Amino acid sequence: MSSPVPHEPVEPRPVRRRDRRGRGPRGPLMPATVPAYRSRARRFDELVLGAVDGLEKQWSRQLEGTEFAVEDVPPSNPAPWERGGVPLGRYFPADAGLPARIVVYRRPLETRALDQDDLADLVHDVVVEQVAHLLGRSPDDVDPGYSDGH
């Protein structure tokens with residue numbers, strides 16, 4: 001009878017991280033460095049921020065403390081001054097310790113835009129109109145380039 005063979009230590013197998021068909025790990029469809037990686041909502045936010053940055057250079061003192069926000073759709077209850085149609089943006093005056101706020105609605109603007117350039121123009125126009133409402137001025141006074149293309 002032969003002597004028993006001593007067992008060699010068994011190294012643990014590496015943990016495999018594969019999908020159920022054994023093709024390997026799933027990754028993002030496109031790398032984060034590609035412009036298309038950003039979501040539509042994120043690109044829209046950047047358009048709003050760009051429009052606000054341009055206006056804050058000229059109106060920084062008057063816009064100090066004003067909050068700018070983006071929401072997908074406007075609430076179903078219209079403001080008393082809104083008649084017909086879907087609002088593209090709203091200005092809420094400062095009230096009870098809350099700062100003034102300008103809200104831009106993403107979906108109605110995306111629906112009206114023909115392409116990305118048109119969307120950028122629409123966002124700029126809505127931000128200028130709401131800031132003009134806040135300042136009690138005409139949109140042309142707030143941004144001399146507002147009337148271009150209107």
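Quick one: accessible surface of SER39, probe radius 1.4 Å, all protein chains present, in square angstrom to the nearest 10.
Only protein atoms counted, so the area is about 60 Å².
Which order do peptides 99-106, 88-95, 69-76 fall in by mean Cβ count within 10 Å, highest first? List each step's numbers first, then the result.
Working: 99-106: 19.2, 88-95: 16.8, 69-76: 12.6.
By packing density, highest mean first, the sequence is 99-106, 88-95, 69-76.
In nm, to one decimal, how far is the modelled label at GLN116 from the one at ALA41, with both set 7 Å along Cα→Cβ?
The modelled label-to-label distance comes out at 2.0 nm.
Could you sort HIS133, HIS124 by accessible area so the largest value comes first, with the probe set to 1.4 Å? Write out the running numbers ahead of the final one.
Values: HIS133 110, HIS124 55 Å².
Highest to lowest solvent-accessible surface, that is HIS133, HIS124.
The values are calculated or read from the model by the stated rules, or taken from the named source; none is laboratory data. Because the structure is a prediction, the values reported are computed rather than measured. Quick reminder, even Gly has a Cβ in these numbers, built from the backbone with ideal geometry, and neighbours come from all protein chains shown. For the accessible areas, the whole protein counts, side chains as well, though only heavy atoms, and no ligand, DNA or RNA atoms are used. Shrake-Rupley method; radii C 1.70, N 1.55, O 1.52, S 1.80 Å.
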